[in-house]
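The values are calculated or read from the model by the stated rules, or taken from the named source; none is laboratory data. Remember, predicted model here, so these are calculated numbers, not experimental data. Counting neighbours? That spans all protein chains shown, and the Cβs are built from the backbone with ideal geometry, glycine included. Side chains included, ligands, DNA and RNA excluded: accessible areas come from the protein's heavy atoms. Shrake-Rupley method; radii C 1.70, N 1.55, O 1.52, S 1.80 Å.
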Amino acid sequence: MTERERFIKALRREPIEGHCPTFELVFFLTLESIGMIHPAQMAFGQWNQMSKSEQKKHFEYQAESYIRIAEKYHHSAIFVHPNPGGIDGAVRLLEAIREKSGDKYYTMMHGDPTFAMPDGDSMFDFTARMYEDEDGLKAEAQRNMEHALAFGEEMAKHKGLLDGFCLCSDYCFNVNPYFTPDMFSEYITPYLHDVIKGYHDQGFYSIKHTDGNIMPIVDQMVQCHPDALHSLDPQGGVDLAEIKRLYGDKVALCGNVNCGLLQTGTDEEVIADVRRSLRDGMNGWGYIFCTSNCAYTGMELERYELMNRIWWEEGIYK
(Lines give C-alpha, C1' and ligand atoms only; values in the text may rest on other atoms or scores of the structure.)
Protein backbone atom coordinates (compact mmCIF):
# COMPACT_ATOMS: atom_id res chain seq x y z
CA MET A 1 0.00 0.00 0.00
CA THR A 2 1.41 3.42 -0.94
CA GLU A 3 1.17 6.36 1.43
CA ARG A 4 -1.36 7.89 -0.95
CA GLU A 5 -3.53 4.78 -0.79
CA ARG A 6 -3.25 4.75 3.00
CA PHE A 7 -4.37 8.39 3.19
CA ILE A 8 -7.34 7.84 0.87
CA LYS A 9 -8.46 4.81 2.89
CA ALA A 10 -8.47 7.02 5.98
CA LEU A 11 -10.53 9.67 4.17
CA ARG A 12 -13.00 6.93 3.21
CA ARG A 13 -13.02 5.62 6.80
CA GLU A 14 -11.87 2.20 5.61
CA PRO A 15 -9.75 -0.29 7.61
CA ILE A 16 -5.98 0.17 7.42
CA GLU A 17 -3.17 -2.18 8.34
CA GLY A 18 0.00 -0.75 9.83
CA HIS A 19 0.53 2.90 10.64
CA CYS A 20 -2.25 5.42 10.97
CA PRO A 21 -1.48 8.02 8.25
CA THR A 22 0.04 11.36 9.19
CA PHE A 23 0.79 14.68 7.48
CA GLU A 24 0.96 18.38 8.27
CA LEU A 25 -1.06 21.16 6.73
CA VAL A 26 2.17 23.15 6.62
CA PHE A 27 5.66 22.18 7.75
CA PHE A 28 7.55 25.47 7.99
CA LEU A 29 10.63 24.04 9.73
CA THR A 30 12.27 22.80 6.54
CA LEU A 31 15.40 24.94 6.84
CA GLU A 32 16.18 23.57 10.30
CA SER A 33 15.11 20.04 9.44
CA ILE A 34 16.60 19.45 5.98
CA GLY A 35 18.49 22.66 5.16
CA MET A 36 16.02 23.83 2.51
CA ILE A 37 13.75 26.89 2.40
CA HIS A 38 10.03 26.17 2.56
CA PRO A 39 8.51 26.93 -0.87
CA ALA A 40 5.96 29.36 0.56
CA GLN A 41 8.80 31.42 2.05
CA MET A 42 10.67 31.82 -1.25
CA ALA A 43 10.54 35.16 -3.06
CA PHE A 44 10.86 35.54 -6.84
CA GLY A 45 11.20 39.20 -7.69
CA GLN A 46 12.66 38.35 -11.12
CA TRP A 47 10.48 35.36 -11.98
CA ASN A 48 9.35 36.72 -15.34
CA GLN A 49 12.96 37.37 -16.33
CA MET A 50 13.98 33.76 -15.73
CA SER A 51 14.40 31.29 -18.53
CA LYS A 52 12.06 28.32 -18.60
CA SER A 53 14.93 26.06 -17.56
CA GLU A 54 15.71 28.22 -14.52
CA GLN A 55 12.04 28.29 -13.53
CA LYS A 56 11.98 24.50 -13.86
CA LYS A 57 14.90 24.21 -11.44
CA HIS A 58 13.02 26.28 -8.89
CA PHE A 59 9.99 23.98 -9.13
CA GLU A 60 12.28 20.96 -8.82
CA TYR A 61 13.81 22.49 -5.69
CA GLN A 62 10.36 23.04 -4.19
CA ALA A 63 9.30 19.50 -5.07
CA GLU A 64 12.45 18.12 -3.47
CA SER A 65 11.75 20.08 -0.29
CA TYR A 66 8.22 18.68 0.01
CA ILE A 67 9.29 15.12 -0.73
CA ARG A 68 12.25 15.10 1.65
CA ILE A 69 10.05 16.27 4.53
CA ALA A 70 7.43 13.65 3.67
CA GLU A 71 10.08 10.93 3.57
CA LYS A 72 11.78 12.02 6.81
CA TYR A 73 8.57 12.11 8.86
CA HIS A 74 6.68 9.34 7.03
CA HIS A 75 3.94 11.70 5.87
CA SER A 76 1.28 10.19 3.64
CA ALA A 77 0.25 13.48 2.02
CA ILE A 78 1.86 16.66 0.71
CA PHE A 79 0.07 19.99 0.96
CA VAL A 80 1.55 22.20 -1.76
CA HIS A 81 1.79 25.99 -1.82
CA PRO A 82 2.48 26.71 -5.49
CA ASN A 83 4.98 29.54 -5.72
CA PRO A 84 4.33 31.32 -8.03
CA GLY A 85 0.68 30.36 -7.87
CA GLY A 86 -2.10 30.03 -10.41
CA ILE A 87 -2.83 27.10 -12.67
CA ASP A 88 0.60 27.13 -14.30
CA GLY A 89 2.46 27.22 -11.00
CA ALA A 90 0.33 24.47 -9.49
CA VAL A 91 0.66 22.19 -12.50
CA ARG A 92 4.42 22.64 -12.82
CA LEU A 93 5.04 22.04 -9.12
CA LEU A 94 2.79 18.97 -9.00
CA GLU A 95 4.40 17.61 -12.16
CA ALA A 96 7.79 17.93 -10.49
CA ILE A 97 6.53 16.11 -7.39
CA ARG A 98 5.01 13.30 -9.45
CA GLU A 99 8.17 12.99 -11.57
CA LYS A 100 10.27 12.54 -8.44
CA SER A 101 7.94 10.41 -6.33
CA GLY A 102 5.35 8.90 -8.67
CA ASP A 103 2.02 8.19 -6.97
CA LYS A 104 3.57 7.61 -3.54
CA TYR A 105 1.96 10.65 -1.88
CA TYR A 106 -1.52 12.12 -1.75
CA THR A 107 -1.34 15.72 -2.99
CA MET A 108 -3.56 18.62 -2.01
CA MET A 109 -3.67 22.40 -2.10
CA HIS A 110 -5.72 25.24 -0.66
CA GLY A 111 -9.13 25.79 -2.25
CA ASP A 112 -11.58 27.46 0.13
CA PRO A 113 -13.74 30.24 -1.32
CA THR A 114 -15.90 30.66 1.80
CA PHE A 115 -15.57 33.70 4.01
CA ALA A 116 -13.10 33.36 6.86
CA MET A 117 -13.55 35.35 10.01
CA PRO A 118 -12.13 38.82 9.27
CA ASP A 119 -9.01 40.21 10.88
CA GLY A 120 -9.09 43.11 13.31
CA ASP A 121 -8.72 45.73 10.59
CA SER A 122 -11.76 44.58 8.63
CA MET A 123 -13.94 42.96 11.29
CA PHE A 124 -16.19 45.98 11.87
CA ASP A 125 -16.84 46.55 8.16
CA PHE A 126 -17.50 42.86 7.44
CA THR A 127 -19.86 42.56 10.42
CA ALA A 128 -21.77 45.63 9.24
CA ARG A 129 -22.12 44.13 5.76
CA MET A 130 -23.81 41.02 7.16
CA TYR A 131 -26.58 43.29 8.45
CA GLU A 132 -26.59 46.03 5.82
CA ASP A 133 -25.57 44.35 2.55
CA GLU A 134 -26.89 40.80 2.71
CA ASP A 135 -27.50 40.50 -1.04
CA GLY A 136 -24.12 41.95 -1.94
CA LEU A 137 -22.27 39.67 0.46
CA LYS A 138 -24.08 36.58 -0.83
CA ALA A 139 -23.36 37.58 -4.42
CA GLU A 140 -19.68 37.86 -3.49
CA ALA A 141 -19.77 34.45 -1.83
CA GLN A 142 -21.32 32.97 -4.98
CA ARG A 143 -18.65 34.54 -7.20
CA ASN A 144 -15.89 33.24 -4.96
CA MET A 145 -17.34 29.74 -5.11
CA GLU A 146 -17.66 29.82 -8.90
CA HIS A 147 -14.07 31.03 -9.22
CA ALA A 148 -12.84 28.17 -7.01
CA LEU A 149 -14.75 25.58 -9.03
CA ALA A 150 -13.42 27.02 -12.27
CA PHE A 151 -9.90 26.55 -10.89
CA GLY A 152 -10.81 23.00 -9.89
CA GLU A 153 -12.13 22.32 -13.37
CA GLU A 154 -8.82 23.41 -14.88
CA MET A 155 -6.84 21.27 -12.42
CA ALA A 156 -9.06 18.28 -13.20
CA LYS A 157 -7.82 18.41 -16.80
CA HIS A 158 -4.36 17.39 -15.53
CA LYS A 159 -5.22 13.85 -14.52
CA GLY A 160 -3.29 12.34 -11.65
CA LEU A 161 -1.55 15.47 -10.43
CA LEU A 162 -3.85 16.64 -7.64
CA ASP A 163 -5.89 14.44 -5.32
CA GLY A 164 -7.85 17.03 -3.40
CA PHE A 165 -8.35 20.43 -1.86
CA CYS A 166 -8.01 21.56 1.73
CA LEU A 167 -10.50 24.29 2.56
CA CYS A 168 -8.58 26.51 4.96
CA SER A 169 -10.88 29.42 5.83
CA ASP A 170 -10.86 29.81 9.62
CA TYR A 171 -14.24 30.46 11.21
CA CYS A 172 -13.59 30.34 14.95
CA PHE A 173 -11.93 31.91 17.94
CA ASN A 174 -10.90 29.62 20.79
CA VAL A 175 -14.03 30.53 22.75
CA ASN A 176 -16.64 30.47 19.97
CA PRO A 177 -17.12 30.88 16.22
CA TYR A 178 -17.03 34.39 14.80
CA PHE A 179 -20.28 33.57 12.98
CA THR A 180 -23.37 32.71 14.98
CA PRO A 181 -24.99 29.45 13.83
CA ASP A 182 -27.71 31.46 12.06
CA MET A 183 -25.17 33.66 10.29
CA PHE A 184 -23.12 30.60 9.38
CA SER A 185 -26.18 29.03 7.78
CA GLU A 186 -26.72 32.18 5.72
CA TYR A 187 -23.22 33.16 4.62
CA ILE A 188 -21.13 29.98 4.79
CA THR A 189 -23.04 26.70 4.71
CA PRO A 190 -24.69 26.95 1.24
CA TYR A 191 -21.40 27.87 -0.43
CA LEU A 192 -19.33 25.37 1.54
CA HIS A 193 -21.81 22.64 0.59
CA ASP A 194 -21.78 23.56 -3.09
CA VAL A 195 -18.02 23.91 -3.44
CA ILE A 196 -17.45 20.53 -1.75
CA LYS A 197 -20.04 18.92 -4.02
CA GLY A 198 -18.41 20.60 -7.00
CA TYR A 199 -14.97 19.31 -6.04
CA HIS A 200 -16.37 15.82 -5.56
CA ASP A 201 -18.00 15.99 -9.00
CA GLN A 202 -14.60 16.98 -10.43
CA GLY A 203 -13.00 13.94 -8.80
CA PHE A 204 -11.31 15.63 -5.83
CA TYR A 205 -11.44 14.91 -2.12
CA SER A 206 -12.07 17.77 0.31
CA ILE A 207 -10.72 18.35 3.81
CA LYS A 208 -12.28 21.21 5.76
CA HIS A 209 -9.91 23.04 8.12
CA THR A 210 -10.65 25.55 10.80
CA ASP A 211 -9.05 26.18 14.18
CA GLY A 212 -10.87 27.15 17.35
CA ASN A 213 -14.17 26.13 18.92
CA ILE A 214 -16.19 24.57 16.11
CA MET A 215 -18.79 22.95 18.35
CA PRO A 216 -21.68 25.40 17.71
CA ILE A 217 -21.28 25.00 13.92
CA VAL A 218 -19.75 21.55 13.47
CA ASP A 219 -23.10 19.95 12.66
CA GLN A 220 -23.52 22.32 9.70
CA MET A 221 -19.96 21.63 8.56
CA VAL A 222 -20.53 17.87 8.61
CA GLN A 223 -23.78 18.32 6.67
CA CYS A 224 -21.71 19.87 3.85
CA HIS A 225 -20.13 16.39 3.39
CA PRO A 226 -16.39 17.07 3.52
CA ASP A 227 -14.29 13.94 3.48
CA ALA A 228 -12.50 15.05 6.65
CA LEU A 229 -12.38 17.74 9.31
CA HIS A 230 -9.09 19.34 10.41
CA SER A 231 -7.74 20.53 12.98
CA LEU A 232 -10.06 19.62 15.89
CA ASP A 233 -8.39 22.18 18.10
CA PRO A 234 -8.15 21.19 21.79
CA GLN A 235 -7.25 24.80 22.64
CA GLY A 236 -10.72 25.61 21.32
CA GLY A 237 -12.29 23.01 23.58
CA VAL A 238 -12.76 20.38 20.85
CA ASP A 239 -12.81 16.88 22.34
CA LEU A 240 -11.66 14.33 19.76
CA ALA A 241 -13.40 11.42 21.47
CA GLU A 242 -16.70 13.32 21.50
CA ILE A 243 -16.37 14.39 17.84
CA LYS A 244 -15.60 10.78 16.98
CA ARG A 245 -18.69 9.61 18.87
CA LEU A 246 -20.96 12.16 17.21
CA TYR A 247 -19.63 12.19 13.65
CA GLY A 248 -17.08 9.39 13.21
CA ASP A 249 -19.47 7.44 10.98
CA LYS A 250 -19.93 10.44 8.67
CA VAL A 251 -16.55 12.14 8.27
CA ALA A 252 -12.85 11.38 8.75
CA LEU A 253 -10.97 13.33 11.41
CA CYS A 254 -7.51 14.93 11.32
CA GLY A 255 -5.40 16.40 14.09
CA ASN A 256 -6.02 17.27 17.75
CA VAL A 257 -2.42 17.15 19.06
CA ASN A 258 -2.26 20.27 21.23
CA CYS A 259 0.03 22.87 19.64
CA GLY A 260 0.05 24.82 22.89
CA LEU A 261 1.69 21.88 24.65
CA LEU A 262 4.13 21.44 21.78
CA GLN A 263 5.13 25.05 22.31
CA THR A 264 5.21 25.38 26.10
CA GLY A 265 4.45 22.01 27.74
CA THR A 266 6.87 19.49 29.16
CA ASP A 267 8.04 16.48 27.19
CA GLU A 268 5.87 14.32 29.45
CA GLU A 269 2.79 16.45 28.69
CA VAL A 270 3.48 16.26 24.95
CA ILE A 271 3.87 12.48 25.05
CA ALA A 272 0.66 12.08 27.04
CA ASP A 273 -1.24 14.32 24.61
CA VAL A 274 0.05 12.44 21.57
CA ARG A 275 -1.03 9.16 23.12
CA ARG A 276 -4.46 10.60 23.94
CA SER A 277 -4.92 11.76 20.34
CA LEU A 278 -3.89 8.35 19.00
CA ARG A 279 -6.17 6.52 21.41
CA ASP A 280 -9.21 8.68 20.73
CA GLY A 281 -8.64 9.08 16.99
CA MET A 282 -7.67 5.52 16.07
CA ASN A 283 -10.70 4.07 17.83
CA GLY A 284 -12.38 2.68 14.75
CA TRP A 285 -11.12 4.03 11.44
CA GLY A 286 -11.07 7.35 9.63
CA TYR A 287 -8.32 9.14 11.55
CA ILE A 288 -5.27 11.02 10.26
CA PHE A 289 -2.70 11.96 12.89
CA CYS A 290 -1.31 15.51 12.95
CA THR A 291 -1.03 18.66 15.02
CA SER A 292 -4.03 20.83 15.83
CA ASN A 293 -2.67 23.51 13.47
CA CYS A 294 0.63 22.99 11.66
CA ALA A 295 4.39 22.85 12.24
CA TYR A 296 4.61 26.64 12.33
CA THR A 297 7.61 28.96 12.37
CA GLY A 298 8.87 29.18 15.95
CA MET A 299 7.89 25.66 17.01
CA GLU A 300 10.86 23.77 18.39
CA LEU A 301 11.84 21.10 15.86
CA GLU A 302 12.71 18.61 18.58
CA ARG A 303 9.14 18.86 19.89
CA TYR A 304 7.70 17.99 16.49
CA GLU A 305 10.16 15.13 16.19
CA LEU A 306 9.19 13.87 19.65
CA MET A 307 5.54 13.87 18.57
CA ASN A 308 6.43 12.12 15.32
CA ARG A 309 8.52 9.47 17.11
CA ILE A 310 5.68 8.54 19.48
CA TRP A 311 3.32 8.22 16.52
CA TRP A 312 5.82 6.05 14.64
CA GLU A 313 6.27 3.73 17.61
CA GLU A 314 2.65 3.55 18.77
CA GLY A 315 0.30 4.77 16.00
CA ILE A 316 -0.10 1.30 14.46
CA TYR A 317 -3.32 -0.58 13.75
CA LYS A 318 -3.00 -4.18 14.91
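Within the stretch 255-282, no residue that is farther than 19 Å from ASN213 by Cβ and of a type in the set (Asp, Glu) sits with its Cβ atom under 9 Å from a residue that is modelled with pLDDT under 95 and open to solvent by 20 Å² or more (accessible area, probe 1.4 Å) at 6+ positions apart or across chains. For ASP170, indicate whether it is assigned to a helix (DSSP H, G or I), of a type in the set (D, E, K, R) and surrounded by 15 or more Cβ atoms within 10 Å (Cβ to Cβ). No.
Listed here are the residues, each with its yes/no results for (1) assigned to a loop (DSSP other than H, G, I, E, B); (2) over 28 Å from VAL257 (Cβ atoms).
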position: ALA141; (1), (2): no, yes
position: MET155; (1), (2): no, yes
position: ASN174; (1), (2): yes, no
position: GLU186; (1), (2): no, yes
position: GLY198; (1), (2): no, yes
position: LYS208; (1), (2): no, no
position: MET215; (1), (2): yes, no
position: ASP219; (1), (2): no, no
position: ALA241; (1), (2): no, no
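For the stretch 173-190, the candidate set comprises residues that are of a type in the set (A, V, I, L, M, F, W, C) and surrounded by fewer than 19 Cβ atoms within 10 Å (Cβ to Cβ); within that set, the residue that is nearest to GLU140 (Cα to Cα) is MET183. Among the criteria (1) farther than 26 Å from PHE165 by Cα; (2) touching a helix residue (DSSP H, G or I) at 6+ places or on another chain (Cβ under 6 Å); (3) open to solvent by less than 70 Å² (accessible area, probe 1.4 Å), the one ALA228 does not fulfil is (1). Residues in the stretch 34-67 that are open to solvent by 40 Å² or more (accessible area, probe 1.4 Å), of a type in the set (A, V, I, L, M) and closer than 26 Å to HIS230 by Cβ: ILE37, ALA40. Do the conditions hold for LEU25, that is, is it open to solvent by 20 Å² or more (accessible area, probe 1.4 Å), closer than 19 Å to TYR73 by Cα and either of a type in the set (A, V, I, L, M) or outside any loop (DSSP other than H, G, I, E, B) (or both)? No: the conditions fail for LEU25. In the set GLN55, GLN49, GLN62, only one residue is under 20 Å from CYS294 (Cβ atoms) and either in contact (Cβ under 8 Å) with a residue 60 or more places away in the chain or of a type in the set (S, T, N, Q) (or both); that residue is GLN62. Figure legend. Inter-residue proximity from the stretch 191-207: first residues closer than 15 Å to VAL251 by Cβ, second residues part of a loop (DSSP other than H, G, I, E, B) and among the hydrophobic types (A, V, I, L, M, F, W, C), beta-carbon distance below 6 Å, spacing 6+ or different chains. Indicated pairs: LEU192/CYS224; HIS193/CYS224; ILE196/CYS224.
The number of residues in the stretch 87-101 that are under 17 Å from THR2 (Cβ atoms) and open to solvent by less than 30 Å² (accessible area, probe 1.4 Å) comes to 4. Out of (1) more than 15 Å from the chain's Cα centre (by Cα); (2) farther than 17 Å from GLU24 by Cα; (3) not β-branched (Val, Ile, Thr), the odd one out for MET307 is which? Going through (1) more than 15 Å from the chain's Cα centre (by Cα); (2) farther than 17 Å from GLU24 by Cα; (3) not β-branched (Val, Ile, Thr) one by one, MET307 breaks only (2).
Which residues, counting only those in the stretch 242-257, are crowded, with 24+ Cβ neighbours inside 10 Å and of a type outside the set (A, V, I, L, M, F, W, C)? Answer for the stretch 242-257, where residues must be crowded, with 24+ Cβ neighbours inside 10 Å and of a type outside the set (A, V, I, L, M, F, W, C): GLY255, ASN256.
Taking the residues in the stretch 269-318 that are in a loop (DSSP other than H, G, I, E, B) and of a type in the set (A, V, I, L, M) as candidates, determine which candidate is nearest to GLY236 (Cα to Cα). Checking each candidate, the answer is MET299.
Return the total of residues in the stretch 68-86 being surrounded by fewer than 19 Cβ atoms within 10 Å (Cβ to Cβ), assigned to a helix (DSSP H, G or I) and touching a residue at least 24 places away in the same chain (Cβ under 8 Å). Within the stretch 68-86, residues that are surrounded by fewer than 19 Cβ atoms within 10 Å (Cβ to Cβ), assigned to a helix (DSSP H, G or I) and touching a residue at least 24 places away in the same chain (Cβ under 8 Å) number 2. Residues in the stretch 234-258 that are among the small types (Gly, Ala, Ser) and under 17 Å from ARG12 (Cα atoms): GLY248, ALA252, GLY255. Here the stretch 258-281 is the region considered, the condition is being open to solvent by less than 30 Å² (accessible area, probe 1.4 Å) and either out of contact with any helix residue (DSSP H, G or I) (no Cβ under 8 Å at 6 or more places or on another chain) or of a type in the set (A, V, I, L, M, F, W, C) (or both), and the residue that is farthest from PHE79 (Cα to Cα) is VAL270.
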